[in-house]
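Engineer: Mind having a look at this structure? Questions to follow.
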Amino acid sequence: MTPERLYLDHAATTPILPNAADAVARAMSLWANPSSPHAEGRAARAALEAARRGVAAAYGWPGETLLTSGASEALAIALGRATPLRRLVTAVEHDAVIRAAPDAQTIPVDSLGRVDPAALAVLLDGDGDGNAALVAVQWANSETGVRQPVAAIAEQVHAAGGLLLVDAAQMPAGADPHVAEHADFVALSAHKRGGPPGVGALLVRDFATLAPTGGQERGYRGGTENVPGAIGYAAALAEPEPVAALVPLRARLEDAVLRSGGEIVARGAERHPAIGSYRMPGLAAATQLIRFDMAGIAVSAGSACSSGSMKPSHVLAAMGWTVDAAREVIRVSFGRGTRAADVDRFIAEWRRIVRSVGGIDLAGAA
């Protein structure tokens, strides 16, 4: 009998939670334009605003909330229209940040993918012309899971008169109060948290720091609002994520990887418990993905926005990895439904692949 598919690519997208799907289905009855003044439009508006409050409350956000089509649009709005004149982004940011701010200055990271505070200080000072900067950092890297110290970075940025944009697409609601306390902008995405695709949010501490362009969302985004999507997003966030339960599962996987001669990316850094990247020396990631997929296991070779092209990871390059070594790295990411048996199944297949290329399996053949 063919085993059921095992999905270990939650960092790319998560299955829609049943309560979120049900909320979207029910919200289809609110088909009116929420900008219309009649009773139907007012009903849609009321539901939209309730969803907006639900998203903000889930993240403990005290400021404003703009609903978007996802984190990529949220990042583009902040990077394109925040009031500081300069843009600084870390060398390991998501492709969406790089596309939205192609002329930004790059903040280097260390070999574990963490922001270099000394380099950040120099860049914040700039040419001494007093121009403030918008600094973009990921809460957790989508390829390696490496966490950035948001509070410490915010202290540096704010002391220099700048603003901090946090890409928190990979952050479970309530996982880090420092984000709500210190960030000026926060980009979020529903489909990373069990919600429907095509909806997200930009949390804004003060609208005075963001230039409007007209249209909906208080003049900060054009287009009719996605009422069902927003309602589904709020419903997904209302269901807590069991993040702590994933810690021992990742430890179990990583012990097996090390014992079989594999390498853990950024092993010594604080990392997201649900995201890990692993190198299998001697076998290209593209081949690994095929082997795992044939065994019914879905993993990836990094960010979903770049892994389809199988181009070398700019994240690993910034951390000092060679192109050849980086091409042997895959990403494994857990979700709400991941269990110990799933990890064991992945480990068994990892060991089979290692043996097939002549790797050393210190755990034995059992």
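The values are calculated or read from the model by the stated rules, or taken from the named source; none is laboratory data. All values reported here derive from a predicted model rather than from experimental measurement. With ideal geometry, Cβ positions are generated from the backbone for all residues, glycine too; neighbour counts draw on all protein chains shown. Side chains included, ligands, DNA and RNA excluded: accessible areas come from the protein's heavy atoms. Shrake-Rupley method; radii C 1.70, N 1.55, O 1.52, S 1.80 Å.
Engineer: Name every residue in the stretch 190-219 that is open to solvent by 20 Å² or more (accessible area, probe 1.4 Å) and over 28 Å from Ala11 (Cα atoms), in order of residue number.
Structural biologist: If the condition is that a residue be open to solvent by 20 Å² or more (accessible area, probe 1.4 Å) and over 28 Å from Ala11 (Cα atoms), then Asp206, Phe207, Ala208, Thr209, Ala211, Pro212, Thr213, Gly214, Gly215, Gln216, Arg218 are the ones that fit.
Engineer: For residues that are over 33 Å from the mean Cα position of the chain (by Cα) and assigned to a helix (DSSP H, G or I), scanning just the stretch 35-61, find the one that is farthest from Pro240 (Cα to Cα). First the steps, then the outcome.
Structural biologist: Keep residues of the stretch 35-61 that are over 33 Å from the mean Cα position of the chain (by Cα), which gives 36-42.
Now drop any that are not assigned to a helix (DSSP H, G or I), which leaves 39-42.
On the way: Ala39: 34, Glu40: 32, Gly41: 31, Arg42: 30 Å.
The selected residue is Ala39.
Engineer: In addition: Counting just the residues of the stretch 220-239 that are out of contact with any strand residue (DSSP E or B) (no Cβ under 8 Å at 6 or more places or on another chain) and assigned to a loop (DSSP other than H, G, I, E, B), which one comes out surrounded by the most Cβ atoms within 10 Å (Cβ to Cβ)?
Structural biologist: The residue in question is Glu239.
Engineer: How many residues does the stretch 27-53 contain that are out of contact with any strand residue (DSSP E or B) (no Cβ under 9 Å at 6 or more places or on another chain), within 30 Å of Ala274 (Cβ to Cβ) and surrounded by 14 or more Cβ atoms within 10 Å (Cβ to Cβ)? Before you say what the answer is, go through the steps one by one.
Structural biologist: Step one: of the stretch 27-53, the residues out of contact with any strand residue (DSSP E or B) (no Cβ under 9 Å at 6 or more places or on another chain) are 27-47, 49-50.
Those left that are additionally within 30 Å of Ala274 (Cβ to Cβ): 27, 50.
Now restrict to residues that are surrounded by 14 or more Cβ atoms within 10 Å (Cβ to Cβ): 27.
Adding up the residues that qualify gives 1.
Engineer: So, one more: Counting just the residues of the stretch 1-20 that are assigned to a helix (DSSP H, G or I) and not hydrophobic (A, V, I, L, M, F, W, C), which one comes out farthest from Ala298 (Cα to Cα)? Spell out how you get there, then give the answer.
Structural biologist: Looking only at the stretch 1-20, we keep the residues that are assigned to a helix (DSSP H, G or I), and these are 18-20.
Applying the additional criterion that residues be not hydrophobic (A, V, I, L, M, F, W, C) yields 18-19.
Values: Pro18: 21, Asn19: 24 Å.
Among them, the one singled out is Asn19.
Engineer: Still on this structure, please answer the following. What tally of residues in the stretch 333-348 results from selecting those that are part of a helix (DSSP H, G or I), open to solvent by less than 10 Å² (accessible area, probe 1.4 Å) and of a type outside the set (Val, Ile, Thr)?
Structural biologist: Count: 1.
Engineer: Just to check your reading of the model, which residue among Ala76, Ala118 is without any contact (Cβ under 8 Å) to a residue 12 or more places away in the chain and in a helix (DSSP H, G or I)? Explain how you work it out, then say what you get.
Structural biologist: Working: Ala76 fails: without any contact (Cβ under 8 Å) to a residue 12 or more places away in the chain.
Criteria check complete, one pass: Ala118.
Engineer: Every residue in the stretch 172-211 that is of a type outside the set (Asp, Glu), free of Cβ contacts under 8 Å to residues at least 60 places away in the same chain and in a loop (DSSP other than H, G, I, E, B), please. I'd like the intermediate steps shown before the answer.
Structural biologist: If we filter the stretch 172-211 for residues that are of a type outside the set (Asp, Glu), which is where we start, we get 172-175, 177-180, 182-183, 185-205, 207-211.
Those left that are additionally free of Cβ contacts under 8 Å to residues at least 60 places away in the same chain: 178, 182-183.
Across the stretch 172-211, the qualifying residue is only Ala183.
Engineer: Just to be sure, is Ile264 more than 30 Å from Ala43 (Cα to Cα), without any contact (Cβ under 8 Å) to a residue 24 or more places away in the chain and surrounded by 15 or more Cβ atoms within 10 Å (Cβ to Cβ)?
Structural biologist: Working: more than 30 Å from Ala43 (Cα to Cα): yes; without any contact (Cβ under 8 Å) to a residue 24 or more places away in the chain: yes; surrounded by 15 or more Cβ atoms within 10 Å (Cβ to Cβ): yes.
Yes: the conditions hold for Ile264.
Engineer: What are the residues in the stretch 110-143 that are at pLDDT 95 or above and of a type in the set (S, T, N, Q), if any?
Structural biologist: Across the stretch 110-143, the qualifying residues are Ser111, Gln138, Asn141, Ser142.
Engineer: Do we have any residue at all in the stretch 54-65 that's surrounded by fewer than 18 Cβ atoms within 10 Å (Cβ to Cβ) and in contact with an Asp or Glu (Cβ under 7 Å, 6 or more places away or on another chain)?
Structural biologist: yes
Engineer: When the residues of the stretch 240-255 are narrowed to those that are in contact with a helix residue (DSSP H, G or I) (Cβ under 6 Å, 6 or more places away or on another chain) and surrounded by fewer than 20 Cβ atoms within 10 Å (Cβ to Cβ), which ends up farthest from Tyr59 (Cα to Cα)? Full working, then the answer.
Structural biologist: The first filter runs over the stretch 240-255 and keeps only residues in contact with a helix residue (DSSP H, G or I) (Cβ under 6 Å, 6 or more places away or on another chain), leaving 249, 252-253.
Okay, now just the ones that are also surrounded by fewer than 20 Cβ atoms within 10 Å (Cβ to Cβ), so 249, 252.
On the way: Leu249: 25, Arg252: 30 Å.
Looking at the filtered set, the residue picked out is Arg252.
Engineer: Checking the condition among the β-branched types (Val, Ile, Thr) and outside any helix (DSSP H, G or I), which residue from Ile290, Ile330 passes?
Structural biologist: None of the other options fit; the residue is Ile330.
Engineer: Got a sec? Which of Ala133, Ala91, Ala151 is open to solvent by less than 10 Å² (accessible area, probe 1.4 Å) and of a type in the set (A, V, I, L, M)?
Structural biologist: Details: Ala91 fails: open to solvent by less than 10 Å² (accessible area, probe 1.4 Å); Ala151 fails: open to solvent by less than 10 Å² (accessible area, probe 1.4 Å).
Criteria check complete, one pass: Ala133.
Engineer: What are the pairs with Cβ atoms under 6 angstrom where one residue, in the stretch 324-348, is among the β-branched types (Val, Ile, Thr) and the other, located anywhere, is open to solvent by 60 Å² or more (accessible area, probe 1.4 Å)? Sequence gap at least six, or different chains.
Structural biologist: Close Cβ pairs (under 6 Å, with a partner that is open to solvent by 60 Å² or more (accessible area, probe 1.4 Å)) amount to Val343/Arg252.
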